[in-house]
Amino acid sequence: MAEQHPKILAYVKNHNLGFEVPYVFQGAEHLYLPDFILLVNDGHGKDDPLHLVVEIKGFRGEDARAKKEAMDVYWIPGVNLLKSQGRWAFAELRQVWRMETDLRAKMEEAFGGILKQVTEM
């Protein structure tokens, strides 16, 4: 799927990369290892790709909500505020038969946000 999408510049499985996101579940601290990181040409050009963190979930346990919240509420906004690590977004893909559609929607959402910023200038 990633190899065939024209906006995906590169991707990597998050294995032995050291990319972990802290989160809290049931009062205890944990580390979350997302599945993939994609570099997406979302209109800023190949020199400024969107880093899209992708989690693929078949079964969604209770801890998955805490992981998603950590990404959506804390990590993604925090890293984007730094402005020194590039631009980041997060997508959780849950249904195998909809993964391509859901991934495309997430990329279009990111691209649409850029278009909105440009038109508001």
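Quick one: grab the alpha carbon gyration tensor of the range 4-97, order the square roots of its eigenvalues as a ≥ b ≥ c, and give me rounded if a/c is under 1.5, else prolate or oblate depending on whether a/b is larger than b/c. Judged from the Cα gyration tensor, the range 4-97 comes out oblate (a/c at least 1.5, b/c at or above a/b). With just the Cα atoms defining each centre, how far is the range 16-41 from the range 56-95? Give it in Å. Between the Cα centre of the range 16-41 and that of the range 56-95, the gap is 8 Å. With the simple spin-label model, which puts each label point 7 Å out from Cα in the Cβ direction, the Gln85 to Leu33 separation comes to 1.8 nm.
First check a/c for the range 33-74, with a ≥ b ≥ c the square roots of the eigenvalues of its C-alpha gyration tensor; if it is under 1.5, answer rounded, and if not, answer prolate when a/b is larger than b/c or oblate otherwise.
prolate
None of the figures in this text is laboratory data; all of them are computed from the coordinates on show. What you are looking at is a predicted structure, and each value in this text was computed from that prediction instead of being measured. Positions of Cβ are backbone-derived with ideal geometry, glycine not excepted, and every protein chain shown enters the neighbour counts.
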